[in-house]
Structures are given as C-alpha cells and as structure tokens.
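The values are calculated or read from the model by the stated rules, or taken from the named source; none is laboratory data. Worth saying up front: this structure is predicted, and the values here are computed from it rather than measured. When we count neighbours, we look across all protein chains shown, and the Cβ atoms used for this are built from the backbone with ideal geometry, even at glycine.
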Amino acid sequence: MTATARTQPAGAGAAAEAEAAGTRAAGTGPAAEGVPELDELAGDWLPAARLAHLPSLRNQWGQGHVNQDLTSLSWLAFPPYSGGYHTGVLRIDGVPPAAERLRWSPWGVERAAALGALSVRTEVRMGYERSRVLWRITLRNDSADPVGATVEQELLAMFAHREADWGWLYGTPWNSGHHHDFYATERLRAEVSAPRPRQVQVLPHGERWIRLGSPRIPGIQRDEDSAPMLLESELPDHSAPDSGRVRAPGAPCLVRRLAVIRAGGEAVPVGDPSAAYTVRPGTDLRVGTVALGAGDAIGFEVRVDRTGADGVIATHGNHPDSAQIGLAGGRLSLRIGGEYAVAADPLPPGGWHRVAVRVTGDGAALLVEDAVVAATEPWWGGQRWTAGLPGDDILLVEDTLSRARSAYAFTGAPDELTAEGARGTARWEVLLGPGESRELGFVLEIGESATGVAAAAASAAASFDDGFAEVAERWRTTWRDAFTPDNPQFSGYLPTLHTKDRDLARTYYLGALLAVYMRNTQVSRTGPVFLTGGPRLGPTTTFFWDQSEFARSAAMLEPRGMRAWIVAALAQPYDHCHSFDTYNQLPVGNHYAANDHALFRTATAYLAVTGDTSLLAEVAGGRSVLDHLRAIAYRPRSRRAAFGEGVLVDLGRDAWELLECVPNYRDAVVSFNAGYAGMLRSLAVLLRFLGEDAEAAAAEADGDRLAQAVLGQYAGDGRWRVAHPEGTDAIGHCLDFALVAADMTEDLPAGLRDEMVAFVTGHLLDGDWMRALDPQDPVAPFSDRPDHGAAGAFAAWPGATAYGLCRLGRSDLAAGVLRRAHRTTSGALWGQAMEVTEDGSYRVAERGVSNRESVAAVAVTEAVIAGLFGVEAGLSSLGGGAVEGTLDTEYGRLTGVRSAGFDLPASS
C-alpha cells in the first residue's frame with residue numbers, strides 16, 4: 001500500500017507548538033455571560049510522574065481509560081458493548097514509548113513523548129453520541145537533519161455484545177468467560193509499555209486460600225473475611241443479579257500432598273502433609289494460604305476413581321483470575337486469568353497422579369508427572385476474536401461468542417496492514433525533513449453488523465478532520481446549553497455564577513462540568529442519568545448516596561431525567577442494595593445505611609426545586625412516592641437501638657454498610673441519626689402542606705426527640721460518640737460534622753457550633769483538600785483508604801463540609817474550602833478520592849480501587865448554590881412559603897436559577 005497520511009511543511013507546526021505549550025483554541029460562539037469557555041476548563045499538560053491516576057475518556061454513551069503508553073485504551077464500554085484487554089499500543093522502531101506528558105479535555109486525552117529528535121503526540125476522542133473512537137498521531141522532527149522511523153499501531157478490538165451483567169463490577173469479555181476482573185485487567189494495563197506483550201493476567205496478586213472442591217463466587221467472602229474493605233487485592237461481588245454467576249461442583253476425587261513449588265525448586269507443604277482429602281460435588285474446604293510469584297507452581301497428588309468425571313478439584317483464591325484445576329469429561333482442565341486449557345487425554349482412574357499448575361508472565365501450564373499436558377495461549381492469539389482484512393484499508397474484528405463486530409479504518413492507507421489471530425498491525429515508514437511533521441489518523445467503530453461497522457469506520461476516516469473537530473465543538477455546545485434556558489440538550493439548566501473570584505468560579509464550573517461529563521444519554525431506559533463513577537467500574541450504575549450529594553443541582557439541570565430516576569430508584573429494593581444498574585433496572589451491591597437519607601434528600605430536593613408535587617402520587621415498587629418518603633423517615637420507629645436509652649437508630653454492625661473501611665463506624669452513629677431527625681422534620685413540613693396536620697405534629701415530635709438524643713452523643717472538642725452495645729467510641733469524622741450541621745443547625749448552641757468549626761479547621765481541612773478522618777483518631781491506622789480514612793477524602797466531603805460551615809455561620813471558611821478545591825483535580829476532574837502526597841499537595845488517588853471520576857464531587861457546585869447563596873430549595877417553600885436564598889452576596893451573583901421562587905413560579 002502507498003502511504004497518503006498528511007505531511008506538514010516546516011513552519012506549519014506553529015499551532016501544534018502553541019498547543020504543546022498549554023494554550024488551546026477558543027471555542028466558536030460566545031458562552032453565556034459569566035460562564036467560561038469549555039476550553040478554559042480543560043487541563044494543562046502534566047508530567048506522567050505527577051499522576052497517580054491517568055485520565056479517563058468519555059462521551060454521552062460510554063467510557064474508557066487511557067493507559068501509560070501513547071495510544072491504548074482499556075475499560076472501554078458502550079453498553080451493550082463491553083471491551084476487554086486493551087485496544088493496542090503504538091510502537092516506534094519496535095519500541096512502545098511511554099507517555100511522558102498527558103493533557104485531558106472533556107472531549108479527549110492527549111499524550112506525548114520525545115524519542116531523540118522525534119516528537120510524538122497523540123490524541124484520542126470518542127465520537128459524540130457514537131460507539132466510536134478516533135485517534136490522531138502527530139510525529140515531528142525537531143532536529144536539523146532528516147529523521148526516519150517505522151511506526152506500527154497494534155489494533156485490538158476485543159468487544160462483546162451483552163444485554164446482561166451491567167453491575168458496578170460489570171462483565172468484560174475474556175477468551176474464556178464474561179466477568180469483571182479488576183486486578184487482571186490492571187496487570188494488562190501496566191504492561192502496555194513493555195517491549196513485548198505477555199500473559200500477565202495469569203499472575204495472581206496477593207496471598208490466597210487454596211480451596212478444594214466447589215469454588216466460591218469470586219469476591220470477598222463475608223463469612224471468612226469481615227475486615228474493613230481496604231480493597232488491596234480483592235473486591236466484593238458487586239455484580240448485578242443477572243450476571244449468571246453460579247458455583248461449579250467439586251470433582252469426585254481424592255487429593256493429598258498439597259504444596260507450593262517455588263521457582264527455585266523448593267517445595268513448601270500446604271495444609272496437613274499426611275492428610276488425604278475427599279472431594280465431592282458439595283465440598284468446600286480451605287486448606288492453607290499461598291502467594292504465587294512468577295515461576296511458582298501449586299502441586300498435589302490426585303486420584304480419580306470414575307471415568308468421565310466433571311468438576312473442580314482445587315482453586316487458588318476466590319478471585320476471577322484464580323487458577324482453577326478441574327476435570328472436564330475426565331480430562332484435566334485449567335481455568336485462569338480469563339483463559340481455559342484442557343488436556344488431550346483423560347486422567348487414568350484408579351491411581352495417584354502428580355499434578356501441578358505453574359504460572360509465569362508468559363502463561364500458565366498444567367503438568368502431570370512434570371510433563372505439560374495443557375497450557376494457556378497468548379490472549380491475542382485468536383481463541384475468541386478473529387481479525388481479518390475485508391478491504392484494503394479496513395481491519396475487521398469479529399467476536400465468535402456474541403454479535404459484536406468492530407472495524408478500524410485509516411485516514412491514509414498504511415504501508416502495510418496485516419491481521420493475525422485477534423489483532424492487526426498497521427505500519428507506516430515515515431521520513432521527515434528538518435522541522436517537518438506528519439499526521440496519521442485512524443478510527444474504531446463498534447456495532448453488530450460487519451458491513452455496517454466497516455462502512456461507518458471508512459466514512460469517518462474519509463472525513464476524519466471534520467469529525468475530529470466536530471467532537472470538540474459539540475462538547476462546547478453542550479456546555480453552553482447547560483446554562484441556557486430552553487436549550488435542546490437538557491430539560492433544565494444550571495445557575496450562572498458571576499464573580500471576580502477566579503478560584504471560586506473555577507471550582508464552581510468544574511463541578512458543573514463534572515455533572516455534564518458524567519451524564520449519559522444512552523444507558524438508561526428511563527432517560528438521561530448521571531453515572532456515579534468509573535471508568536474501571538459501573539458504566540450503567542448510579543448509587544443512591546452519590547446522587548444525593550448534588551440533588552438540587554441535578555434537579556435544576558435535568559428535571560425530567562431526575563424525576564424518572566427517582567421513580568426507578570424507589571422501585572429498587574433499597575433496603576438491601578447500594579445502587580442499581582440503570583440499563584436493566586436491577587439492584588447492585590450490599591445495603592448502605594445512607595440509602596434512606598440519600599433517597600429522601602434527592603426526592604425532596606426535586607420537589608422543592610421544581611414544585612412538581614405530582615411526583616408524590618407516582619407509584620414506584622408498588623407504593624406511592626409519598627409513602628416511600630413516609631416509610632424512610634419513619635425508619636427510626638422500627639430500628640431503635642436496644643442499647644443506651646433506646647432512642648437512637650441502630651444502623652447495624654456491618655461497617656461495609658457505612659464507611660466500609662472504618663471498622664468502628666457502625667451501630668448507632670451520629671451522622672445518619674442526625675439525618676433521620678432532619679428527615680422527620682422535613683416530612684412534617686410536607687405533611688402540613690398536604691393538610692395532614694396531626695401526622696405532621698407526631699413526625700416533628702419524633703424528630704425533636706431524636707435530635708436531643710444525638711446531642712447527647714457529643715464528646716466535646718467537635719467530636720461525636722458512636723454508640724455500640726458494648727459501649728461508646730469517640731470519633732472525629734467529617735460525615736458526623738456534615739450531617740449534624742446540615743440537618744440539626746437550629747439545635748446547636750453557639751459554643752458547640754464553635755467547637756465543631758474549630759475541629760474541622762484544626763483537624764480535617766488540610767491544604768487544598770481535607771482528610772475525612774482525623775489522623776490522630778485511634779482508628780486511623782486501621783482505615784487506610786484515601787476516600788473515608790485519614791489519607792485523604794471522598795469527592796463529596798469538601799462540598800458537604802463547606803455547606804455545613806455555611807449552615808454554622810462561617811461562609812468565609814466555606815468559601816476558602818471551595819476556592820482551593822479545584823487545585824486537586826490532577827489536571828481533569830475530581831475522582832472518588834483525593835489523597836495527600838509526600839509534599840503535602842493532593843492528587844486524584846488510584847489505590848483503593850478509586851474511580852477516576854466521581855459525580856459526588858458536584859457537591860462543590862451545590863455548596864456554592866445552597867451554601868454561599870443560601871438557595872436551599874427546602875420544602876418550606878411549598879404552598880407559597882418563604883423561598884430561601886439570595887442572588888447577590890459578597891461572593892458574586894447568581895442568574896438563571898431554575899428553582900421555584902426564582903426562574904420558576906413558587907409552588908402553590
């Protein structure tokens with residue numbers, strides 16, 4: 001093939017040089033007054049070394065994660081299409097360069113590296129409202145001499161079409177199976193800049209139990225591990241109920257002499273060396289723990305007394321990537337890291353056989369009497385996906401197990417395009433004169449029809465420059481629409497903040513951008529939704545708690561979507577899940593104690609913002625929304641603690657249902673007891689509006705009694721006691737401050753308010769962010785997660801804390817928190833957790849399975865609206881009551897407040 005990619009003459013790279021210096025082209029057309037151009041909110045170029053968590057990539061339908069090389073993506077999902085492994089790396093003269101610098105914008109991610117005199121810069125964007133990815137590679141010769149290079153782009157598209165299994169731990173495709181495997185995928189991501197691809201997904205992480213017989217469903221086993229959820233090597237099974245995960249039976253056999261054989265040859269017994277274990281279909285026996293490194297093996301002797309037997313003999317761990325040795329029709333089989341291998345011949349019955357499985361970075365092998373009888377193949381080898389060349393400039397990848405079809409096309413024909421196994425390679429021979437640059441572009445289209453995706457990819461490649469630019473321009477238009485009444489994108493709009501305070505404005509508008517960025521118009525059958533996080537998790541999932549952290553703002557921006565979401569959420573069994581899959585409307589995960597407060601807060605915020613009281617009569621899950629609100633607020637009547645004075649609500653003993661990683665934050669915690677007090681009083685306001693005065697008085701009395709019990713838990717110096725059956729603990733956590741300040745403001749004497757403020761400013765607020773838990777708290781060393789422990793704070797906590805400070809009369813301190821918050825975004829938007837670094841600065845965390853984005857951080861925007869400007873959108877405004885808030889304060893001015901009593905008529 002003849003290469004026809006565009007080459008730019010010397011001097012034509014001036015725009016690119018300006019771009020690399022950190023400047024951006026202005027968007028076309030003016031934004032609303034006071035609203036910055038979207039380009040101004042995009043990030044600057046940052047060294048890769050400063051980023052703990054690399055940027056994400058999103059559009060209105062899907063999400064993905066950039067990797068540490070220059071082009072590959074992982075965790076790609078456009079439901080119902082789920083992607084596995086990664087999309088392929090760029091090699092220059094046979095070497096995959098690592099990205100040295102990265103820059104994020106809402107419409108794409110740029111990566112750059114220098115290879116001697118050759119500069120390489122790439123940018124990847126998702127098509128606007130398309131299951132499409134577009135890449136542009138720019139090579140520039142920065143020397144005074146000609147430079148030649150062989151440029152090879154690996155092309156992978158391991159997608160599956162799946163209507164089910166869209167939980168928080170959503171299913172991704174593997175050569176064998178469809179399941180979420182966080183750590184195996186992360187190992188593959190970490191290898192993209194290695195000299196050659198390897199099978200690192202088969203290398204297990206961490207110490208694991210060897211289990212004989214029927215394996216558990218992968219995930220943390222609650223009957224064996226009730227420790228805080230630190231997520232260092234294992235995840236809970238937060239899949240959806242339609243995931244189809246079932247336990248395999250044990251294989252009928254006898255097992256003895258279990259051992260781990262180290263790479264150097266040393267054999268270490270596991271369990272009782274003299275024991276012979278009987279395995280049957282229902283056997284579930286833990287023998288001992290083992291950590292496996294590269295070159296290590298698990299070995300044992302096995303005797304099978306029946307021909308044609310099926311089932312599992314032994315499993316290393318309860319993980320999706322666990323080595324699982326079994327029998328398939330009497331033949332030994334190995335399942336590991338998404339791969340499956342089976343011996344050619346049955347294992348002879350009646351005698352003992354020495355069996356082992358050895359793992360290395362180049363694969364896993366199953367051995368009998370030290371001879372390899374089966375082994376995994378390279379994951380790119382074509383076991384499931386096949387790559388072909390239906391046309392000169394098209395690479396087609398087909399999934400043999402689903403309807404997914406993907407096609408790559410190019411802006412100019414590569415010098416060579418090949419297909420082998422599951423992958424293709426496009427090669428260009430590039431020769432650049434001094435100062436010259438050259439652009440290469442390619443497109444990935446995902447769908448169900450082979451001819452359809454090939455035609456769409458070819459069309460997009462033929463008009464690549466226009467399509468690439470259109471993605472950014474449509475994002476700019478969407479951004480303007482978010483602040484414009486009667487716009488075509490949203491059913492509402494957000495307030496415009498006019499202020500001379502540049503730091504406050506940047507935080508406010510970055511929070512608004514986060515809401516726009518996380519809004520998905522395709523995944524939910526109810527309409528637009530604000531996804532909770534990702535992109536390594538949950539491309540269809542919304543958590544009740546996270547949604548509530550910006551309930552007013554969401555109701556202003558997307559009232560129709562929020563109304564539908566509230567009805568769908570209340571139809572879920574929210575007494576035993578924490579979120580739901582909006583694609584199939586199915587519950588996900590364990591119960592959160594926050595659910596009641598979150599759902600009540602979200603529904604009542606919608607009522608007060610929109611004045612749409614018809615929602616109360618809407619039926620969800622067999623009862624009206626009003627009856628849901630009653631049941632939620634009245635929960636204290638059936639959950640009184642059987643300890644203490646019997647007034648506080650007992651939230652249960654499971655720390656996973658509260659802050660997950662703080663082991664003593666359970667039972668009767670102050671935060672949600674204050675929340676219940678606030679809910680009871682708010683319900684009383686609503687009931688009076690509906691003419692139910694007697695019931696309202698009873699609810700208000702319950703709220704007052706509970707509030708007094710909460711005050712009785714004050715430990716002094718801004719801390720609160722957690723009540724347990726065995727006694728109390730004092731703790732210093734921001735969640736107690738936030739909910740007491742928000743829901744019990746009028747109950748707090750002046751001195752107590754001052755102590756609460758002093759505790760937050762002296763122990764939690766830290767630099768540009770904060771710590772969720774006081775580092776001096778005795779439980780801090782046991783709560784080492786950057787979202788809810790002492791090493792940082794969850795995305796919502798600074799916004800919630802700022803709002804609490806406003807409620808306590810310290811808007812000056814709140815404004816300071818909000819002014820600084822934008823400095824912690826690591827060049828993009830806030831993640832699930834921002835962690836403190838060695839130099840005292842904060843960055844978006846990756847550890848603890850943290851999400852790169854978390855919609856809960858829109859709480860900073862909410863804090864400006866409801867805190868600094870007092871636009872509370874409370875239920876007291878219903879029926880012509882007083883509307884809280886002012887549009888002019890010392891912090892600036894708000895216009896376009898789409899709320900009852902402002903841009904909307906007051907509710908009657």
(request) Give the residue, chosen from Ala772, Ala828, that is modelled with pLDDT of 95 or more and over 25 Å from Pro47 (Cα atoms). (result) Ala772
(message) Please go through segment 719-753 and give me each residue that is closer than 15 Å to Ala668 by Cβ and among the β-branched types (Val, Ile, Thr), ordered by number.
(response) Val722, Thr728, Ile731, Val740
(message) Checking the conditions here, which among Asp717, Asp693 is more than 23 Å from Arg807 (Cβ to Cβ), surrounded by fewer than 24 Cβ atoms within 10 Å (Cβ to Cβ) and at pLDDT 95 or above?
(response) Asp693
(message) Checking the conditions here, which among Arg130, Arg111, Arg136 is outside any strand (DSSP E or B) and within 23 Å of Asp39 (Cβ to Cβ)?
(response) Arg130
(request) Read through the list (1) more than 22 Å from Arg601 (Cα to Cα); (2) in contact (Cβ under 8 Å) with a residue 24 or more places away in the chain; (3) surrounded by fewer than 20 Cβ atoms within 10 Å (Cβ to Cβ), then give the number of the only condition that Gly870 fails. (result) (1)
(request) Taking the residues in segment 253-273 that are surrounded by fewer than 19 Cβ atoms within 10 Å (Cβ to Cβ) and among the β-branched types (Val, Ile, Thr) as candidates, determine which candidate is nearest to Arg354 (Cα to Cα). (result) Ile261
(message) Looking for something within 32 Å of the chain's Cα centre (by Cα), assigned to a strand (DSSP E or B) and either crowded, with 22+ Cβ neighbours inside 10 Å or touching a residue at least 24 places away in the same chain (Cβ under 8 Å) (or both) - is there at least one such residue anywhere in segment 667-677?
(response) yes
(message) Residue pairs, Cβ under 6 Å, 6 or more apart or interchain, first in segment 343-371 and among the basic types (Lys, Arg), second at pLDDT 95 or above. List them.
(response) Arg354/Glu301; Arg354/Glu369; Arg358/Ala297; Arg358/Ala365
(message) If I filter segment 733-750 for residues that are at pLDDT 95 or above, assigned to a strand (DSSP E or B) and on the phi < 0 side of the Ramachandran plot, do I get at least one hit?
(response) yes
(message) Regarding segment 35-51, can at least one residue be identified that is at pLDDT 95 or above and under 16 Å from Gly534 (Cα atoms)?
(response) no
(message) From the list Asp486, Asp503, Asp466, exactly one residue is at positive phi and surrounded by fewer than 20 Cβ atoms within 10 Å (Cβ to Cβ). Which is it?
(response) Asp486
(request) Tally the residues that are in contact (Cβ under 8 Å) with a residue 24 or more places away in the chain and in a loop (DSSP other than H, G, I, E, B), restricting the search to segment 635-653. (result) 9
(request) Please indicate, with yes or no, whether at least one residue in segment 252-269 is more than 20 Å from Val372 (Cβ to Cβ), assigned by TED's automatic domain parsing to the domain that holds Gly363, in a loop (DSSP other than H, G, I, E, B) and of a type in the set (Gly, Ala, Ser). (result) no
(message) Which pairs turn up if I take residues in segment 894-908 that are modelled with pLDDT under 95 and look for partners that are among the aromatic types (Phe, Trp, Tyr) and outside any loop (DSSP other than H, G, I, E, B) with beta carbon separation below 9 Å, at least 6 apart in sequence or on another chain?
(response) Ser907/Phe689
(message) Out of the residues in segment 384-406 meeting the condition of being in contact (Cβ under 8 Å) with a residue 60 or more places away in the chain and aliphatic (A, V, I, L, M), tell me which one is farthest from Ser72 (Cα to Cα).
(response) Leu401
(request) Could you check, for segment 713-732, whether at least one of its residues is in a helix (DSSP H, G or I) and either β-branched (Val, Ile, Thr) or in contact (Cβ under 8 Å) with a residue 24 or more places away in the chain (or both)? (result) no
(request) For Leu765, state whether it is touching a His at 6+ places or on another chain (Cβ under 9 Å), in contact (Cβ under 8 Å) with a residue 24 or more places away in the chain and surrounded by 18 or more Cβ atoms within 10 Å (Cβ to Cβ). (result) no
(request) Mind listing just one residue for me: the one in segment 163-182 that is farther than 19 Å from Arg384 by Cα and either modelled with pLDDT under 95 or under 14 Å from the mean Cα position of the chain (by Cα) (or both) and, of those, surrounded by the most Cβ atoms within 10 Å (Cβ to Cβ)? (result) Tyr170
(request) Run down Glu549, Glu558, Glu618 and say which single residue is surrounded by fewer than 22 Cβ atoms within 10 Å (Cβ to Cβ), farther than 18 Å from Pro236 by Cβ and in contact (Cβ under 8 Å) with a residue 24 or more places away in the chain. (result) Glu618
(message) Contact list please: Cβ distance under 7 Å, first residue in segment 285-309 and under 15 Å from Ile210 (Cβ atoms) and in contact (Cβ under 8 Å) with a residue 24 or more places away in the chain, second residue assigned to a strand (DSSP E or B) and among the small types (Gly, Ala, Ser), pairs at least six apart or on different chains.
(response) Leu285/Gly213; Ala297/Ala356; Ile298/Ala356; Gly299/Ala259; Gly299/Ala356; Phe300/Ala314
(request) Check whether at least one residue in segment 820-832 is surrounded by 23 or more Cβ atoms within 10 Å (Cβ to Cβ), under 26 Å from the mean Cα position of the chain (by Cα), among the aromatic types (Phe, Trp, Tyr) and more than 21 Å from Thr745 (Cα to Cα), and report yes or no. (result) yes
(request) Starting from segment 157-168, take each residue that is in a strand (DSSP E or B) and list its partners that are surrounded by fewer than 24 Cβ atoms within 10 Å (Cβ to Cβ) and among the acidic types (Asp, Glu), counting only C-beta distances under 8 angstrom and pairs at least six apart or across chains. (result) Phe159/Asp399; Ala160/Asp399; His161/Asp399; His161/Glu448
(message) For segment 101-140, give me each residue that is in contact with a Pro (Cβ under 7 Å, 6 or more places away or on another chain) and over 29 Å from Arg519 (Cα atoms).
(response) Ala113, Leu115, Val120
(message) One residue is enough: does segment 758-778 have a residue meeting the conditions touching a strand residue (DSSP E or B) at 6+ places or on another chain (Cβ under 9 Å) and more than 23 Å from Leu813 (Cα to Cα)?
(response) yes
(message) Could you check segment 806-840 and list, in sequence order, the residues that are within 23 Å of Glu110 (Cβ to Cβ) and either part of a loop (DSSP other than H, G, I, E, B) or free of Cβ contacts under 8 Å to residues at least 24 places away in the same chain (or both)?
(response) Thr825, Ser826, Gly827, Ala828, Leu829, Trp830, Gly831
(request) Search segment 770-787 for residues being touching a helix residue (DSSP H, G or I) at 6+ places or on another chain (Cβ under 8 Å) and buried (at least 24 other Cβ atoms within 10 Å of the Cβ), and hand back the single one that is farthest from Gly816 (Cα to Cα). (result) Leu773
(message) Looking at the structure I just gave you, is Phe737 among the aromatic types (Phe, Trp, Tyr), assigned by TED's automatic domain parsing to the domain that holds Asn673 and free of Cβ contacts under 8 Å to residues at least 60 places away in the same chain?
(response) no
(message) For segment 189-219, give me the residue count where each residue is surrounded by fewer than 24 Cβ atoms within 10 Å (Cβ to Cβ) and either on the phi > 0 side of the Ramachandran plot or assigned to a helix (DSSP H, G or I) (or both).
(response) 5
